[in-house]
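The values are calculated or read from the model by the stated rules, or taken from the named source; none is laboratory data. Quick caveat: nothing in here was measured; it's all calculated off a predicted structure. All Cβ positions, glycine included, derive from the backbone under ideal geometry; neighbour counts span all protein chains shown. For the accessible areas, the whole protein counts, side chains as well, though only heavy atoms, and no ligand, DNA or RNA atoms are used. Shrake-Rupley method; radii C 1.70, N 1.55, O 1.52, S 1.80 Å.
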Amino acid sequence: MGGFDMESLVDATAGAIGSLASTTILYPLDTCKTKYQAELRTPNLRKYRNLSDVLWEAISKRQVLSLFQGLGTKNLQSFVSSFIYFYGYSFFRRTYIERSGYKSIGTKANLLIAAAAGACTVAITQPLDTAASRMQTSDFGKSKGLWKTLSEETWGEAFDGLGISILLTINPAIQYTAFDQLKQRLLAGQIGNPQSLSAINAFLLGAVSKCAATCLTYPAIRCKVMIQAAESDEDINEDPEVRSRKTVSGALHAIWNKEGFLGFFKGLRAQILKTVLSSALLLMIKEKITKSTWVLFLGIRRFLFLSRSRIKSS
């Protein structure tokens, strides 16, 4: 395992662990947010007036634990996608720097690299993402397991929202580009030029960069949630209309007809709250465990090297 691959692997592992931790901590908030975004009704018929209504529904039905429905699938999807994304981003970034001869990477190149890493991630993990969304938006207490959710659908349905997910790769591209640029400037201005951010600085930079990315891409985010949402008992009565929402154009048309222009931004505050906290936690944890991950991998490599040497000498 060469230095090049080792650095990409360490970056990917640290990012995946950070993603796993932030996803678990914020999962009830994520479930409330997703169910709120998935609801599409005229204002006078809405079941959820605000985010807290979802929480109170779970409490009133004694289904508080259902706020965690789909957590296992979401964690699996989060870990795998973060590992692939951070590995791909680190790999493409180092390849670009080595082949171009530049010591640093520009904003445009960084955006392209981040988008390429995101596209690779989405193409591989979309079925898990779709299954997790189906579980979260199922009626409380009626969520199905991962295998049943996937086996009841065709492969085409498992990839619902793939096109818009690929479009949304611009979101992490904007986020991580902004984070890297802000990080470089902050570190360059500090005495002694430290190699890593403090936890609070990593948290704040993560929050600012994710907030900007979320605001710019939110209409597409809401369409994606609607496309992947499970059909509730009430939806079944509007079956033809529900089917039409499973395309980007159908989702856009339905939002415009029932909720108007502001409907494209319904749930924006909840999305910002959840994603900013999640991304800030992810980047903070990643920054703080990267060194420990390096030590762990170097220890494993040394152990494997010594074991091989003993086998050869025996």
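Figures for the structure shown
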{"read-out": "Å² per residue, accessible surface of region 51-177 at 1.4 Å", "value": "50 Å²"}
{"read-out": "Sum of -39500 (n - 2.57) over DSSP H runs of 4+, divided by residues of the chain (222 nm, nearest 500)", "value": "-25500 deg cm²/dmol"}
{"read-out": "Theoretical FRET efficiency, 1/(1+(r/R0)^6), r = Cβ-Cβ of TRP147 and ARG99, R0 45 Å, to 0.05", "value": "0.55"}
{"read-out": "Contour excess over end-to-end distance, with Cα ends at LEU187 and VAL80 and 0.36 nm allotted per residue", "value": "35.5 nm"}
{"read-out": "Cross-link pairs LYS183/LYS266; LYS210/LYS286; LYS47/LYS274 - those with Cα-Cα distance over 24 Å", "value": "LYS183/LYS266"}
{"read-out": "Inter-site label distance for PHE261 and ALA199 at 7 Å from Cα along Cβ, in nm", "value": "4.4 nm"}
{"read-out": "Separation in nanometres of the label points that stand 7 Å from Cα toward Cβ, at ARG46 and GLN63", "value": "2.1 nm"}
{"read-out": "Listed residues ARG41, ARG93, ARG185, most fluctuating in the chain (Gaussian network, C-alpha, under 10 Å)", "value": "ARG185"}
{"read-out": "Cα-projected label distance for LEU112 with THR24, points at 7 Å along beta-carbon direction, nm", "value": "3.9 nm"}
{"read-out": "Around CYS32: net Lys/Arg minus Asp/Glu count, Cβ-Cβ under 10 Å", "value": "0"}
{"read-out": "Under the Debye formula (equal points on every Cα, no solvent term), log10 I(q)/I(0) of the chain at q = 0.06, 0.09, 0.13 Å⁻¹", "value": "-0.23, -0.50, -0.97"}
{"read-out": "VAL208 accessible area, 1.4 Å probe, all protein chains in place, Å² to nearest 10", "value": "90 Å²"}
{"read-out": "Check: region 68-218 dipole with +1 on Lys, Arg Cβ and -1 on Asp, Glu Cβ, in debye", "value": "520 debye"}
{"read-out": "Choice from TRP256, TRP147, TRP294 with maximal GNM fluctuation in the chain (Cα, 10 Å cutoff)", "value": "TRP147"}
{"read-out": "Top of ALA270, ALA188, ALA14 by mean-square fluctuation, Gaussian network on the chain, Cα under 10 Å", "value": "ALA188"}
{"read-out": "Carbon and sulfur %, accessible surface of the chain computed with the full protein complex present, 1.4 Å", "value": "65 percent"}
